[in-house]
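The values are calculated or read from the model by the stated rules, or taken from the named source; none is laboratory data. In this text, all values refer to a predicted model and were calculated from it rather than measured experimentally. Cβ placement follows ideal geometry from the backbone for every residue including glycine, while neighbour counts extend to all protein chains displayed. Accessible surface is based on the protein model in full, side chains and every heavy atom, while ligands, DNA and RNA are left aside. Shrake-Rupley method; radii C 1.70, N 1.55, O 1.52, S 1.80 Å.
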Amino acid sequence: MLRFIEIETPDDERFRNSEIISIEVLEGERVNTGDVLFIVRKDTETHELPAPYDGRVAEFIASLGDRITARTPLLWLETLILADDPALVNQITKAHPNSDLLINSPSKSGAEPESVSTSKDSKTADGEIEKLSKTKQLELADTFTMANIDLKVPDIGEAEDIEVIEILVAVGDKVSIEDPLVTLETDKASMDVPASEAGEVTEILVNVGDKISEGSTIVRLIGAVATTDVASAAKILEAEKAKQADTFPEPAPTPIPTPKNRDSLVTVMVPDIGGDSSVDIIEVLVDVGDIIAVEDGLITLETDKASMDVPSSVAGVVKSILVKVGDTVSQGTEIVVLSETNSPEKKPVEKSVEAAKAEGIDESPVDSAVTTSASKEPAQADSPIILQATIATPANNTISAHANPSVRKFARELGVDLKAVPGSGRKGRITKEDVQKFVKGVVQVASSSGTSLNLTQGSGIPPIPAVDFSKFGDTEVSPLSKIKRLTAENLHRSWVNIPHVTYSDYIDITELEKFRGEMKAELAKQGIKITPLAFQMKALASALKAFPTFNSSLEPGGHNLILKKYFNIGIAVDTPAGLMVPVVKDVDQKGIVELGKEVGELAQRARDRKLKPIEMQGACITISSLGGIGGTSFTPIVNPPEVAILGVTRSEMKPVWNGSEFIPRLMLPVSLAFDHRVIDGAEAARFVNHVAAKLSDIRRLML
């Protein structure tokens, strides 16, 4: 059965009268038992609130900064409980009396789960109702029950007797829709068969090496299915459910060559690949000059569920290659141009068996790609792991690694070149465990040899070596708040991507402070406090109008500027949880008093962690003020996609020459950091001079 469980604060002294200082999960995120949901603080101590069950975060009840105590509702957790586990059902029902039952339990009526097939007429709860609002789920609650579900091989083209090369689940596993169940392989493609329904695996009906076809039953689940009023439920589901793409592309049939001319040139195009479009090219298997025989692979394509080689239907010599790795192609996309011949010879890049043996390479192309223990070539530049002497790399880089799509995706996420991974599966196939073992081995070698893993390779920045500080004395690990972790990521990304330049100057604010002092008592009667920040914002908005380049963002391609016609200013606020930047909108349309009130309210909400996401978005430029602390200058980091940020430090009295004598003036140090790709130094100086003119004579703010 499917339940929404209201997760509450435990009845524990540690959580009484405490404050939520970090939310560690997002709505819609899947969590496992023990995963941290919230971090709370009581006095000076912090404590973690873990998930009591597996499930998916459906909706938050509590917010960042809320004060909580025992039994405070925190969030709704969507979880699947098998109806044949009455102990767990009773346990959760007692612990969470407010939980909502969405799927009727057959155990209440004593009925055994009925066996059903996953045909189009069978509507399942998991995967279908999870796309609906909670109201719609409750409307459908009486139309579903638990049953055995047989998952079958879907339409995979006209191929028959396809070999099962890997089973990706085990009895007892909980699977969701689209989770891979088994991997199949034909002579042209390997593909994962995903689950079309959700539930718990109760029986696996195939073995590795079995030959199966469309309609063969592969796995049996226990899950939720429709039992009554299917027609009504189907209408509701049809109106609410998201459109699903065709899951299984057909194995690539023989491409149809299109003649380029009547002499001998032939262009090979991508054939029908099952309706998929924009499919990634993950490998080009030929070079210009190669002699190609019929059925030789030209490129390898990969979707989310399958990888396949596109073979040549004609023999010939490669004259030109029209695609490259990383391109996306669809049916009809031109791949290569061949000079057609009638010779079925193999391309010369494939060594003979004797030559391969002489070089110590196994005669099997797949095995030779994954069992070679050393390489004379350096590690590839795009690999994040740099241990040339210890990583196994293939002797023949034209040979592709033998792995199913889910393993390829897993390797890409880790930055691992599959050609360097030895395979332990059948026919040398690389499994997920092989990739994990490979990464673990590299880390161990790096640790024992003192070599660091360059996880930031590509930026040209060497990594900071790990240090065991405990050998110098006592240490304590203090976890960063989520805000500080996110801030650190954003600042680092900005620093390594933006060429920062800082321009510093002094601004005479003597008359401004005199005016502010005169107005302080009058405004205090109205409960209003005006800080210098309100004047600085007004001057900055005027400067943005005068210098549109500062009120812009650079397009990702770096070829165009996006000029903004609005004037929103971010204010950096120091909070106990970290730096937060609320945004004041339409500064050019507001007066000093209105700006002062709004800044005060936003700053207080930031410290109380009550800001909404929309209140921290849309800034054109940011002010970072250290005036209340001290300093004479600093380099603030630009907050992309903005192109500049103004830093302000503490004002001080300085002697200023007026042409005849030195007079005391209150001077404000400012530091303008800017993106040198967009703004040059002279423009930055003129921008600061404009701000200085407005602040030195506040009458100009009215112009």
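Below is a table of values for the structure above.
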| quantity | calculated |
| --- | --- |
| Exposure rank, largest accessible area first [Val581, Val206; 1.4 Å] | Val581, Val206 |
| Over region 607-703: Kirkwood hydrodynamic radius from C-alpha pairwise inverse distances, Å | 15.7 |
| Solvent-accessible area, 1.4 Å probe, carbon plus sulfur percent, for region 565-612 | 50 |
| Sequence of Thr575, Thr549 from largest to smallest accessible area, 1.4 Å probe | Thr549, Thr575 |
| For region 561-703, share of DSSP beta bridges that run antiparallel, in % to the nearest 5 | 70 |
| Accessible solvent surface per residue of region 571-619, calculated while the other protein chains remain in place, 1.4 angstrom probe, Å² | 49 |
| Two-decimal Rg/Rh across region 450-576, once Rg and the Kirkwood Rh are taken from alpha-carbon atoms | 1.10 |
| Surface/4 of the Cα convex hull for region 519-666, nm² | 11.8 |
| Percent of alpha-carbon pairs separated by more than 17 Å within region 161-218 | 32 |
| Charge tally in the Cβ shell below 10 Å around Ile509, where Lys, Arg are +1 and Asp, Glu are -1, Ile509 excluded | 0 |
| Solvent-accessible surface ranking, highest first, for Thr33, Thr510 at 1.4 angstrom | Thr33, Thr510 |
| Translational D in µm²/s for region 462-501 (Stokes-Einstein at 25 °C, 0.890 mPa s, Kirkwood Rh from C-alpha pairs) | 188 |
| Gain in span if fully extended, Asp586 to Lys409, counting 0.36 nm per residue against the direct Cα distance | 59.2 nm |
| Cα-derived Rg to Rh of region 297-338, Kirkwood definition | 0.96 |
| Area of His676 that stays accessible when all protein chains are in place (1.4 Å probe, Å², to 10) | 90 |
| Carbon and sulfur %, accessible surface of region 620-677 computed with the full protein complex present, 1.4 Å | 57 |
| Whole-Å semi-axes of region 655-703's equivalent ellipsoid (Cα gyration tensor) | 26, 15, 10 |
| Greater than 31 Å apart at Cα, pairs in Lys482/Lys565; Lys565/Lys610; Lys545/Lys597 | Lys482/Lys565 |
| 10 Å binning of all Cα-Cα separations within region 488-545, expressed as whole percents from 0 upward | 16, 31, 28, 17, 8 |
